[in-house]
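Engineer: The structure that follows is given in the form of structure tokens.
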Amino acid sequence: MIRNVVGSVLALAGATAAVWSPFRAWYDGRHGRDYAIDELFTGITDAKAEVIGSILLPFAFAALLTVVGVALRSRLLVALAGLVVLGFTVFWMVRVGQAEGSLVVSGDGRGLGDGVANAFGGGVLLLLGALVMSGRARTHRVDRVDRTDHEPRPTHPTLDGPPVGDLDDGRIDDGPRRHPQASAPYAAPTQSFDVPTWDPDRDGPPPR
């Protein structure tokens, strides 16, 4: 939770710095919003671009990715926003270096300005925010188990016989062995007896 909060703050700060950078001086006092986005592919000129078609456009797109990534706690979207900011900044530096012959940094307002520093700083903050964020919490899926696997097994004698035990390798473990006739505990025991019969030819007349 803390990591997501800190990462979100860093990401939003980086997006703010990136969007603000085109309104600062980028090179020789020329603001970033004056560079047309198509000049990055065709070559830098002295023509002043419209704000909507300037280098501000990819930075605004990166800011939108940042807001969505923070809302969804997506480290991937935040990191992608940082790569967009850094990528277009480096691409602009390559094109300006080709047009000017070289890039210079000076403290008198000539050469690279603070707008480029803001763009670089914003891209780095976006990447740091993506690294710090822990992302969305993963939910573990619990497989449903058949209810019959959790039915309690009888632990007391019933009228149908002894309690059923667990089967283990084809052997029934039902505790102490009981007599087969003990399934009905209140029934009278049954037993057969041999009764002698009287034979008149062999035993003679019966006694009186």
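The values are calculated or read from the model by the stated rules, or taken from the named source; none is laboratory data. As the structure is a prediction and not an experimental result, all values here were calculated from the model. Cβ sites come from the backbone with ideal geometry, for glycine too, and all protein chains shown count toward neighbours. With ligands, DNA and RNA removed, areas are computed over all heavy atoms of the protein, side chains included. Shrake-Rupley method; radii C 1.70, N 1.55, O 1.52, S 1.80 Å.
Engineer: Please go through the range 58-84 and pick out each residue that is within 17 Å of the chain's Cα centre (by Cα) and of a type in the set (Gly, Ala, Ser). Give the derivation first.
Structural biologist: Residues of the range 58-84 that are within 17 Å of the chain's Cα centre (by Cα), as a first pass: 68-79.
If the condition is that a residue be within 17 Å of the chain's Cα centre (by Cα) and of a type in the set (Gly, Ala, Ser), then 69, 71, 74, 79 are the ones that fit.
Engineer: Being open to solvent by 60 Å² or more (accessible area, probe 1.4 Å) and among the aromatic types (Phe, Trp, Tyr) is the filter here, so list the residues in the range 58-107 that pass it.
Structural biologist: 61, 91
Engineer: Residue 3: of a type in the set (Lys, Arg) and in contact with a Phe, Trp or Tyr (Cβ under 7 Å, 6 or more places away or on another chain), yes or no? Explain how you work it out, then say what you get.
Structural biologist: Numbers: of a type in the set (Lys, Arg): yes; in contact with a Phe, Trp or Tyr (Cβ under 7 Å, 6 or more places away or on another chain): no.
So residue 3 fails the test.
Engineer: Of the numbered conditions (1) touching a helix residue (DSSP H, G or I) at 6+ places or on another chain (Cβ under 6 Å); (2) in contact (Cβ under 8 Å) with a residue 40 or more places away in the chain, residue 12 fails exactly one; give the number of that condition.
Structural biologist: (1)
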